[in-house]
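Visitor: Take this structure, written in structure tokens, and hold onto it; I'll ask about it next.
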Amino acid sequence: MHRFRAVIAALTLGVPFAASAAEITRIASSFEDDDPFDLFLDVGFERTQTRAKIVREQLRGGDATNVSEVNELWYKGVDARLNLAVAFGLWKDLEFSFKLPIVFQQNETWNFVSGTNQGNSTITNSCYNADGSPYSPEGCVGRLFQVPQESYRGGLGNVHFGLAYAFFNQEKDDTKPTWIVGIDYEAPTAKQRDPSLDNTDPEDPLKDGRGNVGDRVHKYKLYTTFSRKMGVAEPYFKASHTIPVRGPGAYSNCDQSGANPPNLGAPYNCYREPWTRQETGIKAPSQTALTFGMELVPFENAARSQKFALDVRLLGNYVGRGRYYNELSSALRKLLTSDDYFQVGGQVGVIARAAEAFTIRASGNFLYNTDHLLTSEAIGQDLNGDGTVDTAVGSPELNPTFDWRYDLVSRRFRAIQSTTFRFDLGATFSF
């Protein structure tokens, strides 16, 4: 037991507190007595894959109270991008950062699940038009979209600007933890993504080519991060909240009010009060994220600025309700209203620094996305105050973006068994 305690003491006390901070609390600082200017250049490759089963509500035996869900599709989305970033110190413990993502691909595919096919799928045997009228006297012979199907997008992403300040910095004062407060602003610089376009084949001249990736939404992420180095371990915590604000040129479903065949339930209400462009446009969700982690440093040579670390995190994220680009938007060719959901998971990464000027890192994280509706647009608004929404054809209370084919209870789509895996590989050059 005495020998065991001696080993623990060596591990926890043998590394000086003045050693470098965890990567999550890294901050560029300038005008220091021993470091007049800090600058970090980051280059990283990121690949994110989301997979989900899509099910659909269905009435059993014509009973409006007996609604079950039937399997329809497997969805897969792949986003691969190069992230270029620079951060430099404006003043002591005050950092400004800039990031530009280059999206190589943002591709999606939809395929039938086992047991579902063209003959029994409700997607390829749809009974109604967007306004709720029967599709055809011959019965359910309509089609919501082609299955299997692929969609292709890419291009420059939204530019990020950041400002962060360290109120405490353990590298300067080992009696205090490192505490950083910051804001990340994502500007809507990417070209607008139009979901109504046919991006199923970028090589076909009859299609609309490869689509854009911009949502035209300002996003303000406020965050705070704490870390405290204790020997070879440095536990940390991060909390953030993202506030979306619709930007100029944001897409509205009413942009396709004249589509033929119609893709809106009540297109005649578009741009009539209260169905303004703002009301029928994108409503990006707010997000709140929590991260609990620990960086373990089995090797560090502070004199030579060398370090090898293992980074382990628990991740949680709440995504609010909103109308935006979800797993079915490219297939149904419009913005869709998704219910709120949670993402929970973890991340494991490694960090290796060979010298003060060069660091490489790699990580993989896995998230489970809780089940959530993908088509839950509100049917309308009670404008005359009688307590109900008038759903008669031509009623001004009908929401123009509501679609009777899949927004009505008993016809809605839901994402289940949804998972996201992300792999990051990057390098940092320090000056």
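The values are calculated or read from the model by the stated rules, or taken from the named source; none is laboratory data. Here the structure is a predicted model, which means the values were calculated and not measured. Cβ sites come from the backbone with ideal geometry, for glycine too, and all protein chains shown count toward neighbours. In case anyone asks, the SASA skips ligands and DNA or RNA and just uses the protein heavy atoms, side chains included. Shrake-Rupley method; radii C 1.70, N 1.55, O 1.52, S 1.80 Å.
Visitor: Give the residue, chosen from Ser257, Ser252, that is among the polar types (S, T, N, Q), under 30 Å from Ala331 (Cβ atoms) and out of contact with any strand residue (DSSP E or B) (no Cβ under 6 Å at 6 or more places or on another chain).
Guide: So the residue among Ser257, Ser252 that is among the polar types (S, T, N, Q), under 30 Å from Ala331 (Cβ atoms) and out of contact with any strand residue (DSSP E or B) (no Cβ under 6 Å at 6 or more places or on another chain) is Ser257.
Visitor: Only one of (1) assigned to a loop (DSSP other than H, G, I, E, B); (2) modelled with pLDDT of 70 or more is not met by Asn66, so which one is it?
Guide: Only one criterion is unmet by Asn66, namely (1).
Visitor: Select, from Thr401, Thr375, the only residue that is assigned to a loop (DSSP other than H, G, I, E, B), under 19 Å from Arg321 (Cα atoms), modelled with pLDDT of 95 or more and within 22 Å of the chain's Cα centre (by Cα).
Guide: Exactly one of Thr401, Thr375 is assigned to a loop (DSSP other than H, G, I, E, B), under 19 Å from Arg321 (Cα atoms), modelled with pLDDT of 95 or more and within 22 Å of the chain's Cα centre (by Cα), namely Thr375.
Visitor: Quick one: count up the residues across region 129-148 that are part of a strand (DSSP E or B) and open to solvent by less than 40 Å² (accessible area, probe 1.4 Å).
Guide: Qualifying residue count, region 129-148: 1.
Visitor: Report the residue count in region 204-221 for those that are in contact with a Gly (Cβ under 8 Å, 6 or more places away or on another chain) and within 19 Å of Ile183 (Cβ to Cβ).
Guide: Counting residues in region 204-221 that are in contact with a Gly (Cβ under 8 Å, 6 or more places away or on another chain) and within 19 Å of Ile183 (Cβ to Cβ) gives 2.
Visitor: Here's a follow-up. For region 241-276, name all the residues that are surrounded by 15 or more Cβ atoms within 10 Å (Cβ to Cβ) and among the charged types (D, E, K, R).
Guide: The answer is Arg246, Asp255.
Visitor: crowded, with 17+ Cβ neighbours inside 10 Å, assigned to a loop (DSSP other than H, G, I, E, B), in contact (Cβ under 8 Å) with a residue 40 or more places away in the chain and not basic (Lys, Arg): which single residue out of Glu300, Glu327 fits that description?
Guide: None of the others qualify; the one that does is Glu327.
Visitor: Moving on to the next point. Let me confirm something: among Asp35, Asp79, Asp42, which residue is acidic (Asp, Glu), assigned to a loop (DSSP other than H, G, I, E, B) and open to solvent by less than 70 Å² (accessible area, probe 1.4 Å)? So that I can check it myself, show each step before the final result.
Guide: Working: Asp79 fails: assigned to a loop (DSSP other than H, G, I, E, B); Asp42 fails: assigned to a loop (DSSP other than H, G, I, E, B).
It is Asp35.
Visitor: From the list Leu336, Leu398, Leu408, exactly one residue is open to solvent by less than 60 Å² (accessible area, probe 1.4 Å), closer than 22 Å to Arg51 by Cα and not β-branched (Val, Ile, Thr). Which is it?
Guide: On the way: Leu398 fails: closer than 22 Å to Arg51 by Cα; Leu408 fails: closer than 22 Å to Arg51 by Cα.
Just a single option satisfies the conditions, and that option is Leu336.
Visitor: When region 166-191 is examined, which residues are found to be surrounded by fewer than 17 Cβ atoms within 10 Å (Cβ to Cβ), in contact with a strand residue (DSSP E or B) (Cβ under 7 Å, 6 or more places away or on another chain) and not hydrophobic (A, V, I, L, M, F, W, C)?
Guide: Passing the criteria: Lys176, Tyr185, Lys191.
Visitor: Is it the case that region 341-361 has a residue that's in contact with a His (Cβ under 6 Å, 6 or more places away or on another chain) and either of a type in the set (Phe, Trp, Tyr) or open to solvent by 40 Å² or more (accessible area, probe 1.4 Å) (or both)?
Guide: yes
Every residue, every condition in (1) of a type in the set (Asp, Glu); (2) more than 30 Å from Val55 (Cβ to Cβ), yes or no:
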{"residue": "Thr124", "(1), (2)": "no, no"}
{"residue": "Ser133", "(1), (2)": "no, no"}
{"residue": "Glu138", "(1), (2)": "yes, no"}
{"residue": "Ala164", "(1), (2)": "no, yes"}
{"residue": "Gln170", "(1), (2)": "no, yes"}
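Visitor: Within region 378-388, which residues are more than 34 Å from the chain's Cα centre (by Cα) and loosely packed, with under 12 Cβ neighbours inside 10 Å?
Guide: Correct list: Asn384, Gly385, Asp386, Gly387, Thr388.
Visitor: Okay, next question. Looking for whichever is hydroxyl-bearing (Ser, Thr, Tyr), touching a Ser or Thr at 6+ places or on another chain (Cβ under 9 Å) and not in a loop (DSSP other than H, G, I, E, B) here; the options are Thr200, Thr109. Which one fits? I'd like the intermediate steps shown before the answer.
Guide: Numbers: Thr200 fails: not in a loop (DSSP other than H, G, I, E, B).
Just one listed residue meets the conditions, Thr109.
Visitor: Being at pLDDT below 95 and open to solvent by less than 20 Å² (accessible area, probe 1.4 Å) narrows it down to one residue among Ser126, Ser151; which is it?
Guide: The conditions single out Ser126.
Visitor: Answer with yes or no whether Thr391 is open to solvent by 20 Å² or more (accessible area, probe 1.4 Å) and within 25 Å of the chain's Cα centre (by Cα).
Guide: Considered against the rule, which asks whether it is open to solvent by 20 Å² or more (accessible area, probe 1.4 Å) and within 25 Å of the chain's Cα centre (by Cα), Thr391 comes out as no.
Visitor: Please indicate, with yes or no, whether at least one residue in region 144-155 is among the hydrophobic types (A, V, I, L, M, F, W, C), under 27 Å from Glu46 (Cβ atoms) and more than 18 Å from the chain's Cα centre (by Cα). Don't jump to the end; show me each part of the working.
Guide: Quick first cut of region 144-155, residues among the hydrophobic types (A, V, I, L, M, F, W, C) only: 144-145, 147.
Next, only the ones that are under 27 Å from Glu46 (Cβ atoms) stay: none.
No, region 144-155 contains no residue that is among the hydrophobic types (A, V, I, L, M, F, W, C), under 27 Å from Glu46 (Cβ atoms) and more than 18 Å from the chain's Cα centre (by Cα).
Visitor: When region 330-372 is examined, which residues are found to be aliphatic (A, V, I, L, M), assigned to a loop (DSSP other than H, G, I, E, B) and at pLDDT below 95?
Guide: Ala357
Visitor: Just name the residue that is nearest to the chain's Cα centre (by Cα) out of those in region 207-223 that are farther than 16 Å from Ala284 by Cβ and either modelled with pLDDT under 95 or among the basic types (Lys, Arg) (or both).
Guide: Arg210
Visitor: Scanning for something touching a Cys at 6+ places or on another chain (Cβ under 7 Å) and either over 30 Å from Leu310 (Cβ atoms) or modelled with pLDDT under 95 (or both), does region 245-258 turn up at least one residue?
Guide: Filtering region 245-258 for residues touching a Cys at 6+ places or on another chain (Cβ under 7 Å) gives 254, 257.
Still in the list and also either over 30 Å from Leu310 (Cβ atoms) or modelled with pLDDT under 95 (or both): 254, 257.
The answer is yes, given that some residue of region 245-258 is touching a Cys at 6+ places or on another chain (Cβ under 7 Å) and either over 30 Å from Leu310 (Cβ atoms) or modelled with pLDDT under 95 (or both).
Visitor: Continuing with this model, one more query. Considering each of Phe37, Phe98 in turn, give the residue that is modelled with pLDDT under 95 and hydrophobic (A, V, I, L, M, F, W, C).
Guide: Result of the check over Phe37, Phe98: Phe37.
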